[in-house]
Amino acid sequence: MPQFRAIEYGRAWEHQKRAVESMVQHSHHGGLVLAATGTGKTEAAGLYFKRLVGYGVFIVDEVYLAEQSRKAIARVLGEPVGLVGQGVYDPRRITVALIQTLDRALLKTKERVRVHPKFLTWFKALEIALVDEIHTDINTRTAAVVDAINPKAVFGLTASLQLEELEVRLRAIELAGPPIFRYSIVQGQKDKILQQGKVFQIPFENSLVDANYNCSVVRNRERNNLVQRLAEAAVMQGRIVVVMAERRMHLRILHHRFQNIRHEVLSGAVNRKGERAAIVAAMNEKRLPLLIASRVFFKGVDVPELDAIIDATGLPGANSALQRFGRGVRKAESKRDLVYMDISDFTTPAPKPGWESKVELATHSRVAAWVKNGIPVIRLKPGEIPPCL
């Protein structure tokens, strides 16, 4: 069992204190910390590391998240935090590391896996491994890295994880352990840590539902007309808006539709140093009213001023639906609420159960996730604009 010191929690929220104490109690094996987006998981990790006497690593899978997490944890610790990744090898007592770099440190042959000598001493010193956004990293790569580090405890941090799915549950528990702490979006709203918000289902009769995704969603002119109309209405009301799409082609198509509105496009191709941070800063300062973004926006981007989201992805997945809603419920002083607009594809007449198209099933998947988690869902009439716009 690692050693821990007593600390002053200062202005930490009560749920963060409970999360840290639970992690300390379970530090002989680890576990899953399930806390809603915007409720301070990274800061809680910093408080846990502050209590830890020995060495720990915070594992992320994106360059932007590495730097953001390193700064957040350093503020809590009051000591320098190391970085391993982006061509940097600077491990400290507490280090933020990219999983891609850690994976490359493993020298793999058919017979065995060895650790590169450069990493070996540091790996042996690590007592605790925290895997951020573990719902995206339950895979053989992460498992191999954790096995090579062989820490005393592994903790997985995430806003959502579909533990009712047997395969997900078994893989998550095998990697980190069972759930040891939960804090939902609805509880965060009750505690006034998160902003109130609603999902508005915007029904769209999709005549191309039987076509492939490219035709039914990406290049669907009428569907994109609806997205454009909703975004323009939200911007006219002074809201800070994100339109979420999946494919880069879809981002380009939507980009050309908003030439009269100041906007930016954010995708996985945006990796230049400082570019994503500049976009986020402009939105928080209300200089940028509209962002068109891919899944890169779903993880770790902090825009408290964001108060309107248009989900044009047409994708299934409870994790993704909750992550996307969670992006918009961070608190901001001038913010009234979150208006989340979901483009909900359907056909007429309604198909028999089991005969729904992929985009219809995706709609059901998203809505079921929000309802299950206590998020209000209001279904509008086809073509109707939410009354708050």
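Every number here is computed from the coordinates shown, using simple stated rules; none is lab data. The structure displayed is predicted, hence computed values, not measured ones. Positions of Cβ are generated from backbone atoms using ideal geometry, with glycine treated the same way; all protein chains shown enter the neighbour counts.
With a requirement of 1 or more residues that are out of contact with any Leu (no Cβ under 9 Å at 6 or more places or on another chain) and surrounded by 13 or more Cβ atoms within 10 Å (Cβ to Cβ), the strands (runs of 3 or more DSSP E) lying completely within segment 102-147 that satisfy it span 106-108, 126-131.
Ala97 - would you say it is surrounded by 21 or more Cβ atoms within 10 Å (Cβ to Cβ), closer than 23 Å to Pro2 by Cα, in contact with a strand residue (DSSP E or B) (Cβ under 6 Å, 6 or more places away or on another chain) and not basic (Lys, Arg)? When the stated conditions are applied, Ala97 passes them. Check segment 215-222 and report whether any residue there is in contact (Cβ under 8 Å) with a residue 40 or more places away in the chain, part of a helix (DSSP H, G or I), out of contact with any Leu (no Cβ under 7 Å at 6 or more places or on another chain) and not hydrophobic (A, V, I, L, M, F, W, C). So far as segment 215-222 goes, no, none of its residues is in contact (Cβ under 8 Å) with a residue 40 or more places away in the chain, part of a helix (DSSP H, G or I), out of contact with any Leu (no Cβ under 7 Å at 6 or more places or on another chain) and not hydrophobic (A, V, I, L, M, F, W, C). Based on this model, can you work out whether Val63 counts as more than 18 Å from Ala148 (Cα to Cα) and aliphatic (A, V, I, L, M)? It is true that Val63 is more than 18 Å from Ala148 (Cα to Cα) and aliphatic (A, V, I, L, M).
Within segment 246-267, the set of residues being farther than 19 Å from Pro289 by Cβ and in a helix (DSSP H, G or I) comprises Arg248, Met249, His250, Arg252, Ile253. Among the residues of segment 322-337, which ones are crowded, with 23+ Cβ neighbours inside 10 Å, of a type in the set (A, V, I, L, M) and over 11 Å from Ala159 (Cα atoms)? Result: Val329, single match.
Taken across segment 29-44, residues that are more than 22 Å from the chain's Cα centre (by Cα) and farther than 26 Å from Ile185 by Cα do occur, with at least one present.
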